[in-house]
Structure formats: C-alpha cells, structure tokens
1. How long is the stretch A:180-256 along each principal axis, judged by its Cα atoms, biggest number first, in Å?
2. Show me the three semi-axes of the equivalent ellipsoid for the stretch B:60-215, from the C-alpha gyration tensor (sqrt of 5 times each eigenvalue), largest first, rounded to whole Å.
3. Compare the Cα positions of B:Leu138, A:Gly281, B:Gly194 along the charge dipole of the protein assembly as shown (+1 at Cβ of Lys, Arg; -1 at Cβ of Asp, Glu; about the Cα centre) and return the one farthest towards the positive end.
4. How far is A:Ile217 from the same spot in each other copy, in nm, shortest first, if each label point sits 7 Å from Cα toward Cβ?
5. Using Cα pairs under 8 angstrom and six or more residues apart, how large is the relative contact order of the stretch B:108-249, in percent?
6. Given only helices, namely DSSP H runs of n ≥ 4 each adding -39500 (n - 2.57), what is the per-residue ellipticity at 222 nm of the protein assembly as shown, to the nearest 500 deg cm²/dmol?
7. Can you tell me the Rg and Dmax of the stretch A:261-331, counting just the alpha carbons, in angstroms?
8. Give me, ordered by chain and number, the residues 5 or more places off A:Leu331 or on other chains with an amide H under 5 Å from its own placed amide H.
Number of protein chains: 2
Amino acid sequence: MADPKARPVTLRSIADQLGLHVSTVSRVLNGPAEDGARAASGDTAERIRRLAAELGYQPDPHGSGLRTGRSRLIGVLVPRLSDLVLSTIYEGIDEAAGERGLTTIAANTLDDDETRRTRTKMLLARRVDGLIFGDARLDDAFLDRLATDGVRFVLVNRRAGNHPSVTPDDRLGGRLAAEHLLGLGHTDVAVIAGPPFASTGADRTAGFVEHYRDHGIRVPEARVLHTPFDTAGGRAAADELLRSPDRPTAIFAVNDFAAIGALGAARDHGLRVGTDVAIMGYNDTPLAAELPIPLTSVAVPMREIGRRALELLTRLLAGEDVESELLPPVLAPRASTGAARA
Amino acid sequence: MADPKARPVTLRSIADQLGLHVSTVSRVLNGPAEDGARAASGDTAERIRRLAAELGYQPDPHGSGLRTGRSRLIGVLVPRLSDLVLSTIYEGIDEAAGERGLTTIAANTLDDDETRRTRTKMLLARRVDGLIFGDARLDDAFLDRLATDGVRFVLVNRRAGNHPSVTPDDRLGGRLAAEHLLGLGHTDVAVIAGPPFASTGADRTAGFVEHYRDHGIRVPEARVLHTPFDTAGGRAAADELLRSPDRPTAIFAVNDFAAIGALGAARDHGLRVGTDVAIMGYNDTPLAAELPIPLTSVAVPMREIGRRALELLTRLLAGEDVESELLPPVLAPRASTGAARA
DNA sequence: TCCCGTTGCCCAAACGTTTGGGCCAAACGT
DNA sequence: ACGTTTGGCCCAAACGTTTGGGCAACGGGA
C-alpha cells in the first residue's frame, strides 16, 4: 500500500520506466479531458495507466499544490465536533467532499471569537481552497471582513447576513412546533431559545412565536429563555420555568439536548412529561426516539445539509453565482408531548 | 488576513524587499535552532522577522512539504465522528496537535473494512506524517499489514495486538462496575457488551466477569449480550434480558448510549430504574449526569486519551521507542443504580 | 606577518507537478 | 511534388521551500 523503504513512485519514475517524458505521463493521468487524446496514442496511454495502477501511483499533493496553487483541501469550522448536530453535518460535508476528491479539515471554534480567528488563520495557512463555517453569528463582522478579503466560504446550519448558506428552514420548523403544541391545546407555552446570536435558535423561536401570534396568542418575552444549546442549559431554564406557580403547560426547546435537560427538570419537579407538562425538542437526534420517554422533535436533514453546503462551496469555487438554500424540516411527534405512545 | 488579489507573500518577496537572499530569510524564520545565529546578524534577523510579521507571512506547506517530505498532517480514523466518545477523543487529539503546529484530518470508517481501507489510502495519498486509529479490532490484519509496510501509527481507545496504543484501563473499569453492583448486593447481573471485536467492550466485560468470579459468582454466558454501541442496540438487548421471568437485577452496559436504550426498555417493562432494576453505563458522557434518572457510569478521561495518543504518535515519529498507555477510569455512582440521589 | 576560525551572508540544487510551447514525422489536400 | 495539418511526443520553466556548500571579510593568536 505504501512502502516507505522503496523510492516513492512519482511521475518521473513511471516516465523513465516507459522511456517517456514526465509531461506525457502527467497529461495522460490527469483525466482525458480534451488533452487526453492529444497527449499520447491510445496504446501509450494504456501502458501508462497500467503501470501507474500497478505501482499504485498517487500524485503528490505538495507537487501539484505548489504548481497549481490549489490544495483540494476544505476547511470546516464548527462550534464543537462533539455536538452531535454539528458532527452529523460534518459527516455530510466530508462524505460529499470525498466523492469529489476533496479532503476536509475540521476545527472547533467553541463559539469563541479568538479561537475562531486563530483556527481560521491556521486553515488559511494550510492553503485551503475554501471554508465552511458552522458557527456564524447573526451579526458577524468577522465573516464580513473575510468576504471582503476575498476568502471564499459558505455557511452551514446557521445563516448570517447574506453570505451564501445552507440551513434548515428554521422559521418553518418553529411554526411546525407551534402548530403541534397549539393543536394539542397548549396556550400557555415557553421557549428555551438557545443563545441569541445563533440564527437557528432565533429563527425557530421567531417562527414559533409568529404562529401563536397568528392565532391570537401572545408568547410573553419572559417565556423565552436564552441558554446554551446543551443539557445543563436546558435543565436550568426549565427549572426556572417550572418553579413558578403559573408554569407553562408546554415547553419548546430549540435543541434536543436542551430538551433532555428539561425532561430532567420536569422530573425533579415531580411532573409527568407528556401528561402534566409537554416538552419538545428540535433536530430529531437519534437519541430522541430512544429515550425512556420518547421526545417529540422536529427532524432536520442534517447530513443532507452538510452535503449541500459542500456542493454550494464547490460551485462557488468554480466561479458560479450561488444562492442560499433552505431545507424543510418535518415534525416527529412522540410521547413527550402526549402526542403518541412509542 | 489573506488578500488573494495581492501577490502572496513568500520568502522571496521578503528577501527581495530587504535585499537579502531567500535562504537567509528561510533560516532566520525557521526558529533560531543552532542555525539561527549563523544565519544572520541580530540586526538582520530582527528586520526579517519584523517584515515577515508585518506582511503576515505564512510559509506555504506545499513548498516546504515538497522539500522536506513531511506534511505536518496527521490522519485520524474513527468509526464515527458523530459518536460522542470518539468525537471527544478527537477533540483531544486535535487540541494537542494544534499546540504542536500539526493539523489533523479526520475520517469515518464506520467500522467497515472497505471504507477503512479506502479512507486510509486517501490519507496516505495526502502524505500524512502519521495516523491514529480509533477503530482497531482485536485481531486486526489490516493494521499488521500497515505496520510491516512501514506506515507509522498509534491506536486510541481500542487496543489491538501490540501496536502502540492509548486506551482507558477497561479491565479495571469493568472491575469497578462489578464492585459497585456487587457492593449493592446484586448477584444476578447481566452485561450489554458491545460488538465482540472491540477491545473496549471485551475488556470491560472481562474485568466485570473476573471480579464476580473472584467473589465466587459466575456470570453465565447467556447473560453477556453483544450488540452495537448505540441506543437501539442497548434497548434490544435489555428488552431480551428483562422479558425473561428470572431477569437480572442489574445490567451493566459497556457504553452510555446502550445504557440509555436499556433505560427505555426498563420503562417499557414497567420497571423503576434504580429500585426495581439497576442499570449502569460506561464513559460518563456529559448526558449521563443530566438524564431524568441520572445514570451511574464509569468516567473515562476521553479528551486526555486523545491528547496522549497524539503525543505518543509524535514521539513515534521522532524515532523514539514508545509504549502503550493505560489511563485509569473512575466510578461515577448515580441514581440509576439506586446508589445516590442526584 | 601568516594562518585560522568566525561571522554573515549568498548560491544552487532539489523536491513533484503542471502547462505553454515547441518539433518531427506522417498523413492529407491540391 | 509541395505546402499544410495533425498526431504524438519532448522541453523547460515555474511554483516555494530547505539545506549542504560555498566565499569573502574580519578578528585574534602565534
């Protein structure tokens, strides 16, 4: 597969062995675009390809990168890879990249400005051809700056400004959640909305509130709590909501992990989830359906979102004009809102 | 930060601007090893460094990679990045890599032979300096082959043969679990053991069974179930265990997600977890403590394991002889075994 | 004074690839 | 028979870096 004792196989070694010039070999092996024919006779081409395959030739990216100025490397920045949502999206990105002969490099930014800056710099130093940001903020000066600097990138999961992005249709998702809870008769509801700078949480919340407003019900500001997208955050927020005497009858968490935290808080308060209080999440993480009390959620095609983002970026890199994409979510009703017995 | 309109800043552009030779600039900027002094006068060196900083010079990895034959790239292969355990380990790896100026490239192998082979090939084609495998199998011909081919790698999380590895002390962890359950009086126990080819599951199970044997209690083979490391697998296994009339009073799942599945199954059977049946997991995922019924687990320093693996690899790449490392786990008792009220 | 060692820098080659431009011979058109 | 095209290949330069050797100038010791 790769014997480092042996001299590495290069274009040159192939050319020498066949008594040809290295440029001929290069042209033949670089896919028979229109050049293929002009490069060598069918017979020669065949000999080259056979030997290359036999020796297991793999072009050295240093050589070609140096010459062409392109690396076929894509940088992917996410808040955290250990967040299931982002790692799933990343899997989609990487899968699509692999199909195009591209390689991705992931980096955590921890939703922290400084980290993000240094990680981006490191990726640019690596000469990536383009970037995918999964940690955009609603008002993102850093990205604006990058764009004017001519760095090419797309956003995924979270949108920002009018940088090209691939995101779930979060406003619609929020509406689906509202429709579900309102349909079950809940008029006194609350939202665990995630951090305010993320479009995901903001849009889901906005859609949710809108739908209720369209039906003449106002969701008070005090019923919209901003916490991190994790279990502890969800638990804390739900605890606060449930402790008050006029507690809501339903809670919409914009993220499954926050919802799981809310489940715990409900239990602490002696409430039966699905009957005493309805709780729903978002993203339809694989875990949601398998929980002791299956969690109602809104399914988002995370992997597909990743794939599309990569495709969008390749089109951008090819010089095309691109437009943002919005992928539709689907409601997944389960027992945690009393909607179904799993 | 990086203006692609402007000519990229290279050693040459710096040298020209200062009326120096490119080699002088190179030596100065390449860290003042012993060469630094010999390369230029303190004054010249200072001017070079200042200009380089001002222009934001970043060495082109294609150039240096081509010349040195090293890429400062590390390939990391894991079953799935969307598995929280692996993604956390990967974060540790990447963190440690960053501190050393190395960049990691991750790839999913899905615990599938073919995928693994092609992904490895892709990484080698990228000319990575070394590899870290997180998906080793107990009897791993592929890795043996790679080793004899001279490819340099270390293993993480799962061990195999005597390839250098950094893993949790799973046998000890299994013993801790057994000690905990036995201490609570459980003599009729079962294990959800994960797939048989992974050392993690196998060693945890072995340690668990050993401890019981040491205390004169035999855990029957029929009480050790092999399923995938996920929620659905855990649920199915627990369902089978709990349906029989002489059901075990305690279940040890070698993975938190399998344990969560088991929680669901217990609920389906109308059993109260922590009183009617004890269930514990492994890894002490952040989720474990936050679940509605907090899950007893065995904490493993996943991030640290990742860090150590990267360090081990760098030592290996430096030509040192290295030895495998075993990191100790710690019991985290919680309500799911009735051990504590959270 | 001669020699030697240092300091401070330059020279040039090499790594593997791509690509615009040759050049020769055969085939073709008239 | 003579000019033109085309097929099939080679040449050479360039990308940015590192690194083993230079080579002058200068200082110090004998």
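1. Principal extents (largest minus smallest coordinate, Cα): 31, 30, 20 Å.
2. On the way: eigenvalues 260, 49, 31 Å².
Taking √(5λ) for each eigenvalue gives 36, 16, 12 Å, largest first.
3. So the residue furthest toward the plus end is B:Leu138.
4. Those separations, rounded to one decimal, come out as 5.1 nm.
5. Numbers: 184 pairs, mean separation 26.4, N = 142.
Relative contact order here is 19 percent.
6. Numbers: 28 runs with 314 residues, N = 684.
It comes out at -14000 deg cm²/dmol, rounded to the nearest 500.
7. Just the Cα atoms of the stretch A:261-331 yield Rg and Dmax of 18.2, 58 Å.
8. The answer is A:Ala299.
Each value in this text was obtained by applying a stated rule to the coordinates, not by laboratory testing. This structure is a prediction, so every number in the text was calculated from the model and none was measured. Here Cβ is always computed from backbone atoms with ideal geometry, including for glycine, and neighbour counts include all displayed protein chains.
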